[in-house]
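Structure first, then comments.
The values are calculated or read from the model by the stated rules, or taken from the named source; none is laboratory data. Keep in mind it's a predicted model, so treat the numbers as computed, not measured. No Cβ is skipped: glycine too gets one built from the backbone with ideal geometry, and neighbour counts run over all protein chains shown. The protein model used for the area step is the full one, side chains on, heavy atoms only, and it has no ligands, DNA or RNA in it. Shrake-Rupley method; radii C 1.70, N 1.55, O 1.52, S 1.80 Å.
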Number of protein chains: 2
Amino acid sequence: MAEQRTRLSTTGDGDVAAGNGLLDRRLFLRGGAAAVGGGVSGLGLSAPAAAEPLTVAEWTKEPGAPFDGYGQPSRHEAKVVRVATNPPNAPGTGASRTPHQFLSGMITPNGLHFERSHSGIPDIDPAAHRFLIHGLVKRPLVFTLEALARYPMTSRIAFLECAGNGQLLFAKEPAAAGVQALQGLVSCAEWTGVSLALLLDEAGVDPKAQWLLAEGADAAGMSRSVPLAKARDDALIALYQNGERIRPANGYPMRLLLPGYQGNMSVKWLRRIKLTESPTMTRDETSRYSVLLQDGRVAQFKFPMDAKAVVTQPSPGLALKGAGLYEISGLAWSGHGKIAKVEVSADGGQSWAPAALSEPVLSKALTRFRLPWRWSGGPAVLQARATDETGYVQPTRAAQVAERGAKGIFHCNAITSWAVAANGEVKHVYA
Amino acid sequence: MAEQRTRLSTTGDGDVAAGNGLLDRRLFLRGGAAAVGGGVSGLGLSAPAAAEPLTVAEWTKEPGAPFDGYGQPSRHEAKVVRVATNPPNAPGTGASRTPHQFLSGMITPNGLHFERSHSGIPDIDPAAHRFLIHGLVKRPLVFTLEALARYPMTSRIAFLECAGNGQLLFAKEPAAAGVQALQGLVSCAEWTGVSLALLLDEAGVDPKAQWLLAEGADAAGMSRSVPLAKARDDALIALYQNGERIRPANGYPMRLLLPGYQGNMSVKWLRRIKLTESPTMTRDETSRYSVLLQDGRVAQFKFPMDAKAVVTQPSPGLALKGAGLYEISGLAWSGHGKIAKVEVSADGGQSWAPAALSEPVLSKALTRFRLPWRWSGGPAVLQARATDETGYVQPTRAAQVAERGAKGIFHCNAITSWAVAANGEVKHVYA
């Protein structure tokens, strides 16, 4: 440790970007490393190699495992799983959250994409499934999967976020929870499917239609009303998720995809779309998924998810092992477009430094941000704050609670805070 | 069928982009559909809905399956697997290919990323694995995975292609094979890891070093020489693949990633990098992975994979079901940068139409291209031809065979041809 601290001191103070050890985001960009006084040997994370540094490991001494048709993660990664919360006696009703504390990058692997189901995951026979477009159309149409798969397709990388993600931040006291439990109802994938606008053109939309009802083939018959304008904009009937057919938990064999909108409007196991004059007022848009306000009113039909950033590493469960250099990394997104800026604080919001954003930065997709941090070993409170391309800035928790009141559940995009203790433990706090 | 043909005829000839039914790539872009004479009802793929069109399926009548920690594809997708080829009695030596005929988009899901192993997949304990940088450096360094995971990281979406991908195109007669067997040794993922340049700076590279040796911890000790310039450019020590830790078959817990270079230089299960004055001339760069030329000479150390495009749908095994509208879709990539253009032909290369490229188009990543096609029901030969941002144009098979001779194996990027017969069957041909 003494050695490590000495070497860290070779990194000049000129690289400090904000309080409590936040360093310049360009410090470790390619070519930039050499510019740092003393070189990046100041990192001090590696060990000097001994004269005969590597022994031949057991696994190198004999041929390894054969090929398999569909690969799985290493058995040493068994902790990297979704965690479900559901009521007693209803194993398929609830949600299952992405373990962002163990992931990096912008893509969520399909096996770890969050799930929200209202009556379990139906076992749909793709050959027997039908998708209907009806209501206020000139030609009601029914599609088999095979027919739909012949249409022209488009692909886009998009996040999905449950409207209830982050709701624990409305609790009076900070929940003893980490990023998976607090913010695990958001994931990101490359979705491929048929433009809904194209299918609506084929059906011929009656000029009286302003909304549509989308209904799933699950036992809950999950259904939501969607403005026609969104359907004509960027809605997809998605068939593929990260290259392969959509997973059963995510809507196999087809789902609606409404980029940027609250997750359950992207109806899974889609069986019909009905064009209507006005919203249908289904159970899932009247009993919930609306935003309660401080004054007792309800903001119904608030669809896009506002900009949010969350630090995923360090975060609760990932204790720091001694003072020194760390990377603060996390995810940011906005239902209104691209992320323009993510700022990071290590002193609970007193000072902020801009993070580096990993390319590609895409509209309505997760964006990975990163910032180097030299932890002094003293207390720190880590936060991230997103600004999207509309200029909207993510609010503090105090501001959001003031706006929404104590009964808030949905569309919480307040700043999440992680406190780092002197022993390296990381804890959810309000700051 | 009569109905279908009648409706297709409503699409005007003004949308024809090249011979044998290729349509304008903008035909089905958002907003463009309505501009087509007769509307897109000309698609003719859906069926008019009956008065009571949807029955309630069995799977809707009872609650579905509960949540799971790590999800899997639908049981109805069991055919979507990699297929391995390997010599008798060596189950872990050979290759396993991505089923591109069943996939769409640019990302390859981790379970289907191609594999090439020289002595099986080692079962590495990540806590015991060590990575060494030594040779011509000031400070030889050894890294645990835990130490490496604290370094600043970067993410990028990149393809990997085995240098032997497409080698069957050098055969005298066209192999009776589809896109998986012919071109399945290419895949694409988002990789996240530590810049090798950063670690080299920390070790302090001796000015005499111009190359490095990268060695794997598999039983084959697979090793390759890499120019130092590439290592300093965009090389990563990758720890994550599409968000999660790298899969065992793809190098768990760490691999070298050299974007755009022949696949096996991105050494899996990386255990050491040794800085050297010149190439080490390992077995895997002298006995193979070099390009034989027509005149008997060998182009050794040809590293970047040249631009290639391949039609994935339609392709052998996916028979067309009657004349009418189809989408021609495929993948294009270049080891030299971004794809600038993909052209598609339906008449064996007599005429070409530009395909639409799905965003984001990224350097050294797979790019999905698409073009609508109105199949007349007569014979057709489908081809795709890539041009990259350097201006390089993918060669015909005839041109590449003339350059390389009959003994070619590696770096085949000739145009692949699929013949469509009147009965809808699709077959690999030379054209």
What three numbers, in Å, describe the spread of the alpha carbons of the protein assembly as shown along their principal axes, ordered from the longest? 81, 80, 44
Semi-axes of the stretch B:60-159's equivalent ellipsoid from the Cα gyration tensor, sqrt of 5 times each eigenvalue, largest first, rounded to whole Å? 35, 22, 16
Please give every one of the lysines within straight-line cross-link reach of residue B:274, meaning a C-alpha to C-alpha distance under 16 Å, and leave out same-chain neighbours fewer than 8 residues apart. B:138, B:208, B:230
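Under 1.5 on a/c is rounded, so check that first for the stretch A:292-431, then, if it is not, pick prolate when a/b is larger than b/c and oblate when it is not; a ≥ b ≥ c are the square roots of the alpha carbon gyration tensor eigenvalues.
The shape class here is oblate.
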Going 7 Å from Cα along the Cα-Cβ axis for the label, what nanometre distances separate residue A:407 from the same residue across the other copies? 8.2
What are the distances, in nm and sorted shortest first, from the label point of residue A:57 to the label points of the same position in each other copy, with each label point placed 7 Å from Cα along the Cα-to-Cβ direction? 4.4
Please report Rg over Rh for chain B, where both radii come from the alpha carbon positions and Rh follows the Kirkwood definition. 1.02
Which whole-number value in Å² is the accessible area per residue of the stretch A:116-264, probe 1.4 Å? 24 Å²
Given a 1.4 angstrom probe, what's the average accessible area per residue across the stretch B:327-396, in square angstrom? 30 Å²
Using unit Cβ charges (K, R positive; D, E negative) and no other charged atoms, how large, in debye to the nearest 20, is the dipole of the stretch B:262-391 about its Cα centre? 480 debye
Simple Cβ-charge dipole of the protein assembly as shown, Lys/Arg +1 and Asp/Glu -1, about Cα centre, in debye nearest 20: 100 debye
Which residues in the stretch B:244-286 have a backbone N closer than 12 Å to a point placed 7 Å from the Cα of residue B:206 along the Cα-to-Cβ line? B:275-278
If you rank B:327, B:190 by how much accessible surface each has, with a 1.4 Å probe, what is the order from largest down? B:327, B:190
Determine how large the accessible area of residue B:418 is when every protein chain is in place; take a 1.4 Å probe and give Å² rounded to the nearest 10. 0 Å²
Around residue A:292, what is the net charge, scoring Lys/Arg as +1 and Asp/Glu as -1 over all other residues with Cβ under 13 Å from its Cβ? +3
Just to be sure I understand the curve: with the Debye formula and one point per C-alpha of the stretch A:142-231, what is log10 I(q)/I(0) at q = 0.16, 0.19 Å⁻¹? -0.92, -1.12
Over chain B, the sum of -39500 (n - 2.57) across DSSP H runs of at least four, divided by residue number and rounded to 500 deg cm²/dmol, gives at 222 nm -2000 deg cm²/dmol
List, largest first, the extents of the alpha carbons of the stretch B:279-326 along their principal axes, each in whole Å. 55, 24, 18
Alpha carbon centroid spacing (whole Å) that separates the stretch A:246-287 from the stretch B:122-176: 41 Å
With the full set of protein chains in place, find how many percent of the accessible area of chain B is carbon and sulfur; take the probe as 1.4 Å. 54 percent
In square angstrom and rounded to 100, what buried accessible area do you get between chains A and B, total over both, with the probe at 1.4 Å? 9700 Å²
Once Rh for the stretch B:245-327 is found with the Kirkwood sum over Cα pairs, what is the Stokes-Einstein diffusion coefficient at 37 °C and 0.692 mPa s, in µm²/s? 196 µm²/s
Kindly state, to the nearest 0.05, the FRET efficiency for residue A:57 paired with residue B:58, given R0 = 51 Å and r defined as their beta-carbon distance. 0.45
Going Cα to Cα from residue A:61, which aspartates and glutamates come in below 20 Å? Please leave out same-chain ones fewer than 8 positions away. A:52, B:123, B:125, B:215, B:218, B:284
What is the spin-label model distance, in nm, from residue B:72 to residue B:171 if the labels are put 7 Å beyond Cα along the C-beta direction? 3.3 nm
Using the structure shown, list the pairs from A:364/B:364; A:321/A:427; B:341/B:427 with a Cα-Cα distance above 18 Å, or answer none. A:364/B:364; B:341/B:427
Exam field: residue B:424 pseudo-label spacings to other copies (7 Å along Cα-Cβ), nanometres: 6.3
Identify the residue of chain B whose Cβ lies closest to the rotation axis that maps chain B onto chain A, and give that distance in whole Å. B:360, 2
